[in-house]
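Only one structure is covered here, and it is reproduced in the block below.
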Amino acid sequence: MNLPSRNSRSHKGENGKVAVIAGSRDYTGAPALASKAALRTGSDLVKTLTSKDIQDTVASYSPNFIVRSYPGCYLSPNGVKPALELVRWADVTLMGPGLSKPDTEALKQIFQNSQTKWVIDADGIKPAIEVEVSNAIFTPHNGEVKYITDAYGSIESFVEQTGNVVVEKGSTDKIYSKNGVKENNTGTSAMTVGGTGDVLAGIIASLISQGLELQNAGYTGAVINGKAGERATETYGSGMLATDLIENIPGAMKNI
Ligand SMILES: NC(=O)C1=CN([C@@H]2O[C@H](COP(=O)(O)OP(=O)(O)OC[C@H]3O[C@@H](n4cnc5c(N)ncnc54)[C@H](O)[C@@H]3O)[C@@H](O)[C@H]2O)[C@@H](O)CC1
Ligand SMILES: Nc1ncnc2c1ncn2[C@@H]1O[C@H](COP(=O)(O)OP(=O)(O)O)[C@@H](O)[C@H]1O
Ligand SMILES: [Mg+2]
């Protein structure tokens, strides 16, 4: 499995710049979980864009975070400009975790006015499909897959027609791309705890920011997430939290 490599003469930002557009009044954890997971996977810089009402809350979770905001409690039209600026800065943008009730038109405008690589999760999935976003990895759980199958009949025809990659999450993750389907069986049932999908999305975004191709980032990310979950379950059993999983990402990466 090829992981990102770091040369000794790299400078700040060279090992990946990730934008995370996530969170809302309803979910303050998701942006932090995804952002910290991206840093722990090795990206140099992660900038998190969220709603003003939770900006200080998210920033308070770690001095490693760079948190920007748009006015209000949910993504709305006045979030489009800051989002487009952040997308231009980043190597890859993660869109979706915790957005809850984003203004769909604003979300679509961000997708349609950006040329970048995307990781699209949770509340970003349905709008992204509706505007036919490309150059993207989608990370639906079993409930969110319906947005893809309702629109394209099957995940296989979605990836065939769009060239996108899909990580269908579950006890066995299935990674679909034009080259077929790969399975990941790592992980434990303790990973059904809330937030492990937000973590996976951050891991995958980080791997893309460090140079991995979409399909490889999807599969490698799922393996890292599962291995980190196994390590955290050894310590905490079914009391494992998504934050415990994040702290086990570096150890998991060393052993795959
Ligand atoms: N600490 C936090 O801030 C967290 C924020 N989260 C955010 O919460 C929002 C909703 O997340 P979820 O969709 O997980 O939670 P929900 O409970 O809102 O699930 C949405 C729908 O999907 C179904 N569903 C959920 N998980 C499923 C699965 N594995 N298989 C089949 N159906 C499933 C549910 O029954 C429901 O109908 C997302 O934006 C997510 O990013 C979650 O990741 C949990 C942690
Ligand atoms: N039984 C299980 N065994 C291993 N991994 C699991 C199991 N159930 C869920 N997962 C993993 O947990 C994560 C769940 O993602 P998701 O439902 O989006 O969580 P959340 O939205 O709460 O962050 C996925 O990475 C999935 O692979
Ligand atoms: Mg999720």
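The values are calculated or read from the model by the stated rules, or taken from the named source; none is laboratory data. Quick caveat: nothing in here was measured; it's all calculated off a predicted structure. Positions of Cβ are backbone-derived with ideal geometry, glycine not excepted, and every protein chain shown enters the neighbour counts.
Is it the case that some residue within region 93-109 is exposed (fewer than 14 other Cβ atoms within 10 Å of the Cβ) and under 24 Å from residue 22 (Cα atoms)? The answer is yes, given that some residue of region 93-109 is exposed (fewer than 14 other Cβ atoms within 10 Å of the Cβ) and under 24 Å from residue 22 (Cα atoms). Looking at 84, 45, 49, 107 in this structure, which one is within 16 Å of residue 198 (Cβ to Cβ) and among the hydrophobic types (A, V, I, L, M, F, W, C)? Criteria check complete, one pass: 49. Residue 237 meets the conditions (1) on the phi > 0 side of the Ramachandran plot; (2) at pLDDT below 95 in every case but one. The failed one is (2).
What do you reckon, is residue 143 part of a loop (DSSP other than H, G, I, E, B), modelled with pLDDT of 95 or more and away from ligand 3 (no atom under 13 Å from the Cβ)? No; evaluated as a whole, the condition is false for this residue. Among the residues of region 82-90, is there at least one that is in a loop (DSSP other than H, G, I, E, B) and within 16 Å of ligand 2 (Cβ to nearest atom)? No; the residues of region 82-90 include none that is in a loop (DSSP other than H, G, I, E, B) and within 16 Å of ligand 2 (Cβ to nearest atom). Highlighted here would be helices (runs of 4 or more DSSP H) found entirely within region 168-256 that include at least 3 residues which are over 14 Å from the mean Cα position of the chain (by Cα), surrounded by fewer than 19 Cβ atoms within 10 Å (Cβ to Cβ) and touching a residue at least 40 places away in the same chain (Cβ under 8 Å), but there are none.
The residues on offer are 201, 205, 217, 190, and the sole one that is more than 24 Å from residue 91 (Cα to Cα), more than 7 Å from ligand 2 (Cβ to nearest atom) and not polar (S, T, N, Q) is 190. Might you let me know whether region 176-187 holds any residue that is within 15 Å of ligand 3 (Cβ to nearest atom) and touching a helix residue (DSSP H, G or I) at 6+ places or on another chain (Cβ under 9 Å)? Yes, there is a match, as at least one residue in region 176-187 is within 15 Å of ligand 3 (Cβ to nearest atom) and touching a helix residue (DSSP H, G or I) at 6+ places or on another chain (Cβ under 9 Å).
Consider region 60-85 and keep the residues that are under 23 Å from residue 200 (Cβ atoms) and among the hydrophobic types (A, V, I, L, M, F, W, C). The one that is surrounded by the fewest Cβ atoms within 10 Å (Cβ to Cβ) is 66. When the criteria are applied in full, residue 114 meets the requirement of being at pLDDT 95 or above and more than 16 Å from the chain's Cα centre (by Cα). Of all residues in region 160-179, those that are within 9 Å of ligand 2 (Cβ to nearest atom) and of a type in the set (Ser, Thr, Tyr) total 2. Taken over region 98-110, residues that are away from ligand 3 (no atom under 16 Å from the Cβ) and in contact with a Phe, Trp or Tyr (Cβ under 8 Å, 6 or more places away or on another chain) amount to 1.
Put simply, of 160, 156, 130, 105 the only residue that is among the charged types (D, E, K, R), more than 16 Å from ligand 1 (Cβ to nearest atom) and under 26 Å from residue 226 (Cα atoms) is 156. So which residues in region 91-133 are part of a helix (DSSP H, G or I) and polar (S, T, N, Q)? Listed by number, the residues that qualify are 104, 109, 112.
Could you look through region 43-59, keep only residues that are within 20 Å of residue 242 (Cβ to Cβ) and touching a Pro at 6+ places or on another chain (Cβ under 6 Å), and pick out the one that is surrounded by the fewest Cβ atoms within 10 Å (Cβ to Cβ)? The residue in question is 58.
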